[in-house]
Amino acid sequence: IKRLVILNAAVFFAIWIVGFASPAAERWVMDWLALHPDTWRAGFPAVWQFVTYGFLHSQVSLSHLEFNMLVLWFFGSMVQEAVGDRRLLEHYLIAVAVGGALHLVYALLTGQSGPVIGASGGASMLLVSAAVLRPNATVIFFIFPVKLWVIAAISVGFDAFAFLNEFKGIQDGIAHSVHLAGAGYGYLATKRRWLWKDPLAIVERKRAVAQMQRQMSDDARMDQLMQKISREGMPSLTRSERAFLQKQSERKRSG
């Protein structure tokens with residue numbers, strides 16, 4: 001969490017400095033790193049934007065950065081304590097990507113063209129995850145002690161209300177679809193205990209199993225070919241069988 005906060009702040013001030021040196025360069029950086037529906041409408045698959053937009057914040061005011069970082073710090077620390085550093089980071093980035101992807105689909109369907117920035121999708125995920133983990137924890141809301149689940153419910157309820165208002169043409173300049181997607185992922189990931197699973201370890205384990213299965217299949221085919229050579233001789237092999245033998249021979253030499 002500390003590193004995420006530092007990284008977000010560093011990106012904010014780096015772009016702020018770039019803006020002083022060259023406003024055109026600042027616009028270029030924001031256009032390419034923000035989640036921009038127009039870029040996708042032009043047919044350019046800027047897949048990095050699903051993550052990079054989550055580390056950008058409005059240069060007009062510090063409040064956008066400050067609010068998201070406060071949420072990360074207080075509620076992210078609760079989640080980090082429960083699942084550990086690596087899993088928190090992995091699922092935080094997944095939440096950011098999920099929020100970005102769902103908002104992009106929504107923007108393309110509704111004709112929205114404005115770029116999206118901010119860590120709000122990940123922040124919403126952490127808030128809801130913390131509320132599922134410790135629903136009865138007390139949080140000081142302004143000056144009033146409030147249960148954490150109530151804070152999460154108010155946040156999600158506000159975003160849902162504002163999102164529905166968009167269909168009435170009432171816009172407030174906030175990507176509530178990103179907030180709701182992040183919150184939804186946080187709820188599911190915690191309830192279904194995805195947070196305690198390591199996505200990278202799962203991918204690596206599946207890759208190892210697939211590699212083992214391929215090796216077993218190759219070994220079985222090699223045995224069949226050796227039997228065929230023993231019965232019918234080398235001239236009986238097809239072109240594909242010869243290519244397979246050569247490939248296996250090269251693999252053993254390189255191994």
Options 24, 46, 9: the member that is at negative phi and outside any helix (DSSP H, G or I): 46
Considering every residue within the stretch 94-116, establish whether at least one is assigned to a loop (DSSP other than H, G, I, E, B), touching a Leu at 6+ places or on another chain (Cβ under 7 Å) and crowded, with 16+ Cβ neighbours inside 10 Å. yes
Quick one: in the stretch 82-92, of everything that is modelled with pLDDT under 95 and either acidic (Asp, Glu) or under 30 Å from residue 42 (Cβ atoms) (or both), which residue is surrounded by the most Cβ atoms within 10 Å (Cβ to Cβ)? 90
Farther than 17 Å from residue 174 by Cβ and part of a strand (DSSP E or B), is that true of residue 135? no
Would you mention how many residues in the stretch 27-37 are open to solvent by less than 70 Å² (accessible area, probe 1.4 Å) and either assigned to a helix (DSSP H, G or I) or of a type in the set (Val, Ile, Thr) (or both)? 4
Given the conditions (1) farther than 30 Å from residue 109 by Cβ; (2) touching a residue at least 24 places away in the same chain (Cβ under 8 Å), and given that residue 186 satisfies all but one, which numbered condition is not satisfied? (1)
The lone exception for residue 199 - which of (1) modelled with pLDDT under 90; (2) in contact with a Gly (Cβ under 7 Å, 6 or more places away or on another chain); (3) not acidic (Asp, Glu) it fails: (2)
Exactly one of 178, 146 is outside any helix (DSSP H, G or I) and open to solvent by less than 40 Å² (accessible area, probe 1.4 Å), and that residue is 146
What about residue 127, is it open to solvent by 50 Å² or more (accessible area, probe 1.4 Å), in contact (Cβ under 8 Å) with a residue 24 or more places away in the chain and either of a type outside the set (S, T, N, Q) or more than 23 Å from residue 30 (Cα to Cα) (or both)? no
Can you tell me which residue within the stretch 49-67, out of those that are part of a helix (DSSP H, G or I), modelled with pLDDT under 95 and not aromatic (Phe, Trp, Tyr), is nearest to residue 107 (Cα to Cα)? 64
Checking the condition in a helix (DSSP H, G or I), open to solvent by less than 50 Å² (accessible area, probe 1.4 Å) and of a type in the set (D, E, K, R), which residue from 218, 223 passes? 218
For the stretch 6-23, what are the residues that are open to solvent by 60 Å² or more (accessible area, probe 1.4 Å) and more than 22 Å from the chain's Cα centre (by Cα)? 13, 16, 17, 20, 21, 23
Subset of the stretch 47-79 (residues that are surrounded by 21 or more Cβ atoms within 10 Å (Cβ to Cβ), more than 12 Å from residue 118 (Cβ to Cβ) and under 17 Å from the mean Cα position of the chain (by Cα)): 49, 76, 79
Of the conditions (1) open to solvent by 100 Å² or more (accessible area, probe 1.4 Å); (2) in contact with a Lys or Arg (Cβ under 9 Å, 6 or more places away or on another chain); (3) not charged (D, E, K, R), the single one that residue 195 does not satisfy is (1)
Pairs only if they're at least six apart or on different chains, beta carbon under 9 angstrom, first in the stretch 212-224 and under 11 Å from residue 244 (Cα atoms), second of a type in the set (Phe, Trp, Tyr) and assigned to a helix (DSSP H, G or I); list them, first residue then second. 218/244; 221/244; 222/244
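The values are calculated or read from the model by the stated rules, or taken from the named source; none is laboratory data. Remember, predicted model here, so these are calculated numbers, not experimental data. Positions of Cβ are backbone-derived with ideal geometry, glycine not excepted, and every protein chain shown enters the neighbour counts. For accessibility, only protein heavy atoms count, side chains too; no ligands or nucleic acids. Shrake-Rupley method; radii C 1.70, N 1.55, O 1.52, S 1.80 Å.
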